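Report on the following structure.
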Amino acid sequence: MQHGLLVPPVYSPIPPAIHPRHQAVDQQNAGWAHAFGIGSQDLREKLVASEIGTFAARILPEGREEVVRLLADFILWLFGVDDGHCEEGELGAEPGLLAGELSRLLRVAQNPEAPMLLQDPLADGVRDLSRRMAQHGTPGQVTRWVDALREYFLSVVWEAGYRSRATVPDLNDYTLMRLYDGATSVVLPLLEMGHGYELHPDERDHRSVRAAAEMAYFVITWDNDLFSYHKESRAGQYYLNVLRVLEREQNLTPQEALHTAVAQRDRVMVLFERLCDDLTFTTAGPQLRQYLRSLGNFIRGAQDWGISSHRYTTPDDPAQLPSTFLDTPTDDSSEPLDIPCVAWWWDLLPRPQESAAPAAAQDTSVTELMAN
């Protein structure tokens, strides 16, 4: 497989933002990682150098500082699980054993008082996280966090099955798996906690709101695949990436796969904007508007962190990542992607030529909303 792929700037209509206390959050995050001994010393030093606190500060630029700190520690813990157990650890190619280990960690997250894994740093870490989740969130939010963690664990076990056979899934299965193994859904309860509210289930679980969240997952994970391709392809280990999936399934060169993946994420980004506009100007109350803004901040925060973090820039062997973003998409088609598990997203809105946009929506875009 070709290395040294030049990743072009990607379309990003959402303005950047960062919490004013990001440096303090990053310092605290490093202290938390060392205090709980997350991962091996080498892995821990790499995670600390990745400025994960800054990532959290970009996701919640106006959030409560204590929740930004909680989010930073949780993201670092997730990387400790993913890098230490799944991608680079011995359990990464043993789906059965991995499922058992993750189930035990899930039980600790759900019941931190359970006398299990008492000498395990990852268990100690998630025990601390669970208690802080309960302090800053409602019982319902903590339950949704545990449920999302279960979804994430299930998806990485599925991924381990491919790793154990050194096989590559088709695009539909990869997309479905990637919606959850990117550890995006687990962040959503903290978007609410960060601003001190709880969405009513009827709003959060509305089909269009759920679709908006899934579109955010898609854009974030596709971007991550673009930004991490250099790191993964040079590691000398088995890896899954949308470029690799597209190369195999559609018989593409790496450059052609890159072009296709960028077009896919652009089309979803455009749909995300349209859907957020529609929700904002038709049904959304103040809390849902904040939730939609937070989804946008999550997308943009992942982008800004992805092109700047040492985790992906790999200074010792520099990746060719962009330093800017585009104002216009490479693909703004309103036709669904040929991916069955997500094609239903396009059924939620009429095609642009089928109806006129609301007068208010013609003057105000989701980009402007993010800036307010």
**Request:** For GLU256, state whether it is open to solvent by 20 Å² or more (accessible area, probe 1.4 Å), part of a helix (DSSP H, G or I), within 27 Å of LEU76 (Cβ to Cβ) and free of Cβ contacts under 8 Å to residues at least 12 places away in the same chain.
**Result:** no
**Complete:** When every residue in segment 307-322 that is closer than 18 Å to LEU258 by Cα and out of contact with any Ser or Thr (no Cβ under 8 Å at 6 or more places or on another chain) is compared, the one least open to solvent (accessible area, probe 1.4 Å) is PRO322
**Prompt:** Which of the following residues is in contact (Cβ under 8 Å) with a residue 12 or more places away in the chain, open to solvent by less than 30 Å² (accessible area, probe 1.4 Å) and in a helix (DSSP H, G or I): GLU249, GLU214?
**Reply:** GLU214
**Request:** Output the qualifying pairs, or none if there are none: Cβ atoms under 6 angstrom, residues six or more apart or on different chains, first residue in segment 132-151 and closer than 16 Å to ASP73 by Cα, second residue of a type in the set (Val, Ile, Thr) and open to solvent by less than 40 Å² (accessible area, probe 1.4 Å).
**Result:** MET133/VAL142; ALA134/VAL142; HIS136/VAL67; LEU149/VAL186
**Item:** Tally of residues being within 24 Å of PRO318 (Cβ to Cβ) and among the β-branched types (Val, Ile, Thr) across segment 3-17
**Value:** 2
**Prompt:** Could we say that SER333 is more than 24 Å from VAL187 (Cβ to Cβ) and out of contact with any Phe, Trp or Tyr (no Cβ under 7 Å at 6 or more places or on another chain) here?
**Reply:** yes
**Condition met for LEU91 (over 19 Å from the mean Cα position of the chain (by Cα), over 29 Å from LEU295 (Cβ atoms), surrounded by fewer than 18 Cβ atoms within 10 Å (Cβ to Cβ) and of a type in the set (A, V, I, L, M, F, W, C))** = no
**Prompt:** If you take the residues of segment 311-327 that are assigned to a loop (DSSP other than H, G, I, E, B) and closer than 25 Å to ASP82 by Cα, which of them is modelled with the lowest pLDDT?
**Reply:** ASP316
**Asked** Can you name the residue in segment 106-139 that is among the polar types (S, T, N, Q) and not in a helix (DSSP H, G or I) and, of all such residues, is most open to solvent (accessible area, probe 1.4 Å)?
**Response** GLN119
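Okay, residues lined up against (1) of a type in the set (A, V, I, L, M); (2) under 17 Å from the mean Cα position of the chain (by Cα); (3) assigned to a loop (DSSP other than H, G, I, E, B); (4) surrounded by fewer than 17 Cβ atoms within 10 Å (Cβ to Cβ):
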position: LEU6; (1), (2), (3), (4): yes, no, yes, yes
position: PRO9; (1), (2), (3), (4): no, no, yes, yes
position: ALA35; (1), (2), (3), (4): yes, no, no, yes
position: ILE38; (1), (2), (3), (4): yes, no, yes, no
position: ARG58; (1), (2), (3), (4): no, yes, no, no
position: ARG69; (1), (2), (3), (4): no, no, no, no
position: ASP73; (1), (2), (3), (4): no, yes, no, no
position: ARG104; (1), (2), (3), (4): no, no, no, yes
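The values are calculated or read from the model by the stated rules, or taken from the named source; none is laboratory data. Because the structure is a prediction, the values reported are computed rather than measured. Note that we place each Cβ from the backbone using ideal geometry, even for glycine, and neighbour counts take in every protein chain shown. For the accessible areas, the whole protein counts, side chains as well, though only heavy atoms, and no ligand, DNA or RNA atoms are used. Shrake-Rupley method; radii C 1.70, N 1.55, O 1.52, S 1.80 Å.
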